[in-house]
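This report concerns only the one structure given below.
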Amino acid sequence: ESVMEKVLQRRSLRMRNMQRAWQESPEGRKILDFRRSLPAFKEKERLLQAIAQNQVVVISGETGCGKTTQLPQYLLESEIETGRGAFCSIICTQPRRISAMAVSERVSIERGEPLGETVGYKVRLEGMKGKNTHLLFCTSGILLRRLLSDRNLNGITHVFVDEIHERGMNEDFLLIVLKDLLPRRRDLRLVLMSATLNAELFSSYFGGAPTIHIPGFTFPVRAYFLEDVLEVTGYKLTSFNQIDDYGQEKTWKTQKQLVPRKRKNQITTLVEDALDKSTLGNYSSNTRDSLSSWMPDCIGFNLIEAVLCHICRKERPGAVLVFLTGWEDISSLRDQLKAHPLLGDPNRVLLLTCHGSMATSEQRLIFEKPPQNVRKVVLATNMAEASITINDVVFVIDCGKAKETTYDALNNTPCLLPSWISQASARQRRGRAGRVQPGKCYHLYPKCVFAAFSEYQLPELLRTPLNSLCLQIKSLQVPSVGEFLSSALQPPEPLAVQNAIGFLKMIGAFDEKENLSNLGKFLSMLPVDPKLGKMLVMGAIFHCFDPILTIVSGLSVRDPFLLPQDKKDLAGTAKARFSAKDYSDHMALVRAYEGWKDAEREGSSYEYCWRNFLSAQTLQAIDSLRRQFSFILKDAGIVELDGSTSNKLSHNQSLVRAIICSGLFPGVASVVHRETSMSFKTMDDGQVLLYANSVNARYDTIPFPWLVFGEKVKVNTVFLRDSTGISDSMLILFGGAVKCGVQAGHLKMLNGYIEFFMDSSLAECYLQLKEELDKLIEN
Ligand code: ADP
Ligand code: MG
């Protein structure tokens, strides 16, 4: 026996002793009692046996039955108990970073250990794990990254892939890779966990793997649809012709006037009208699109407020969970509710939020019991649908929508827009109210709309651009990306794959034969969209690294500029102060970030954020992402360690603009000036509008022929969220040939140049660069 073996055996014994000591302690027993009350416990032996006897097992069970926190833990405990604790290494993936963190913390509490000991987590930018960690919760993205460098997952004994029913892109991708790995690693065990009942799909994908269902236990939940909600709340809505221009300031104001809060029962206008007349009666299941325009979200807010009031006044105790589409809605609704006499009173209502980017401290609050006679209200994204369980929820309010990225392969455009959820999601949301006692769920849409929902949501793989995915697949040394993807659970359209490959060729990540270039290899290592990754490399090459670093980090975290519903004007003015006639949201971001760093040094960052309507939390996230990117680029030798030359040209605004263009292309809109007005046209959507909070929305004229943009959002019309003005020459030199009617020569030259750079030393490059740069800037 090797020395190593002996060491591990000794450690396994120690692990067993510690585990037994905890389970026999009073506190440990109490937690064990709780764990034994979960539905998963009854299936424990069957599960362990199935895992021992089969390489792949599929497990389904109601949310909250104990899949995530218990199943990997049972396995760990059983390995420890049989004296093999130190030999096992279990990974459990989560679709979202926040659930990986919350779950690992919960499991380590259940084991009476500090986080980072036997149980740890790892997500982008953060992690808690040590050499004694044998159960690791991580995002699916992290496991994929590990697979890039360690194709056989050496040392890992068990992989749990959780929440597969969500059909996230990373999960679907993981399944392809793992399916391919299993024959090579006969000893590796794979467990798939899913909340809903389509286990057969996954089982047959893995050649008929056994499935185990954990019978759930939930209380009945009474469903109210909009018809009933209106009756319950005595609330009536305006006829919606008057308010169909959602997104405009004036709509909101009108809305408030039409719905005086204090006279709830006497509100004059009428949705009932709308409800039984033509508008809703004749929707069929293939008109999901037209559905989305029937009720603007701002009405939804007032309706939610009315339902909340009703619950707080008339209903028995119990927490309320409100499903909204995203952070913007959550924060504006929170602001609205805070101004309400009942709902805004902290002695009566504890108002909390739950979304992907909340801080850990905030996250803990949502699990805690509120003080006596205070009602907990949690405003959440669809994250609270399955991956996070709040125990004391008795009431659910479901707006019926979720933000979903959609992808139109024909036009090759990604869009992020709130759209109707599936029937499966609606049921799942409803189920969240019946965890501890019978509950109630208020769906804020009529029953006929529910009937028109599709049964399941389309898998993410079929509704997102595949750029990043194809790059990652290629770096797994797969010969043909298309062939690889055709073995997915539900393969994407060949056209979508072709688009992605074409894009990767255009930005120079793939060469003509679809092989990874040096740039491509590097981009696959960056945890960011490849085009933003390229923007970073360009920023480094063209010596304006810092501003580009801030922009790329900002675009991959989220916008730090807040837009409170009732202070839109003030917030807009505050943001405009960061744009000294730059005509650029991206440069406003750079200035805001730099100002924040200064304020931080002076100890006044809190005031600074408050005054300028900035989110401190987002700025912090941007800051840490900046550090990570900076580290990776320095490590790769693309930026010098001392940063001496990488910022030589950061003050050159034209250059920074050009580099922004190089990253955001083909996100370009032309600026069309008419006598008194200005309009914008993208290549495929035609007419678009600027988002109210964009600095460019404040001008009557823009002295640039083009705007490049990072994101567009469709709410009836298409809005550009963020944009920067650029000139013709910037577009020609740094954009691309596609659809612009411009020769591809420049782009080729640029890509060739980057390749040269990636392959040679900095000094060599600099000489070459200076010459080229001078030429480019002169033009
Ligand atoms: P599933 O993965 O099947 O949805 P989980 O394993 O996440 O279920 O949760 C099982 C149970 O453990 C929940 O119903 C809840 O009672 C409890 N639980 C989970 N996370 C926490 C937490 N952070 N704090 C307190 N209890 C929790
Ligand atoms: Mg779970």
Handout entry: Mean shadow area of segment 114-153 over all directions, Cα convex hull, nm²
Key = 2.9 nm²
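With an 8 Å Cα cut-off and a minimum separation of 6 or more residues, compute the relative contact order for segment 61-149 in percent.
Numbers: 133 pairs, mean separation 25.2, N = 89.
With pairs under 8 Å counted, the relative contact order is 28 percent.
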Handout entry: Prolate/oblate/rounded call for segment 83-178, Cα gyration tensor, a/c under 1.5 rounded
Key = oblate
Exercise for the section: For Val639, enumerate residues with amide H under 5 Å from its amide H, sequence gap 5+ or separate chain, H modeled in the peptide plane. Expected result: Lys634
Completion exercise
Under the Karplus relation with 6.51, -1.76 and 1.60 and θ = phi - 60°, whole-Hz ³J(HN,Hα) for segment 362-375, x at Gly and Pro, equal 5, 4, 5, 4, 5, 8, 7, 7, x, x, 3, 6, 10, 9
Problem - Built amide H within the under 5 Å cut-off of Phe719, gap 5+ - result: Leu689, Val713, Lys714
Practice task
Please compute the Cα-Cα pair-distance distribution of segment 471-523 with 5 Å bins starting at 0, giving whole percents from short to long.
Solution key: 4, 22, 31, 26, 12, 5, 0
Exercise for the section: Pop out the ³J(HN,Hα) list for segment 378-394 in order, Karplus 6.51 cos²θ - 1.76 cosθ + 1.60 with θ = phi - 60°, rounded to Hz; leave Gly and Pro as x. Expected result: 10, 8, 9, 8, 5, 4, 7, 6, 9, 7, 10, 10, 9, 5, 8, 6, 10
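Classify segment 419-472 as rounded, prolate or oblate, taking a ≥ b ≥ c as the square roots of the eigenvalues of its Cα gyration tensor: rounded when a/c is under 1.5, otherwise prolate if a/b is larger than b/c and oblate if not.
Numbers: a/c = 4.12, a/b = 1.97, b/c = 2.09.
Oblate, since a/c reaches 1.5 and b/c is not below a/b.
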Exercise for the section: Report the calculated FRET efficiency for Arg222 and Ile109 (r = Cβ-Cβ distance, R0 = 30 Å), to the nearest 0.05. Expected result: 0.35
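Classify segment 589-711 as rounded, prolate or oblate from the Cα gyration tensor: take a ≥ b ≥ c as the square roots of its eigenvalues, call it rounded if a/c is under 1.5, otherwise prolate when a/b beats b/c and oblate if not. Mind showing how you got there, number by number?
On the way: a/c = 2.34, a/b = 1.46, b/c = 1.60.
It is oblate, given that a/c is not under 1.5 and a/b is not larger than b/c.
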Problem - Distance (nanometres) between label positions extended 7 Å along Cα→Cβ at Glu483 and Glu5 - result: 4.1 nm
Fill in the blank from the handout: Amide H proximity to Cys354 below 5 Å, modelled H, separation 5+ or other chain, gives Leu379, Ala380, Thr381
Exercise for the section: Pop a pseudo-label 7 angstrom from the Cα along the beta-carbon direction at both Leu495 and Leu32 and give the gap in nm to one decimal. Expected result: 6.1 nm
Problem - Karplus (6.51, -1.76, 1.60) ³J(HN,Hα), θ = phi - 60°, over segment 136-148, in Hz, Gly and Pro reported as x - result: 10, 8, 9, 6, 5, x, 5, 5, 4, 4, 5, 4, 5
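Readers should treat all values here as calculations from the given coordinates under stated rules, not as data from a laboratory. Small disclaimer: the values here were computed from a predicted structure and weren't measured. Every residue, glycine among them, receives a Cβ derived from its backbone with ideal geometry; neighbour counts consider all protein chains shown.
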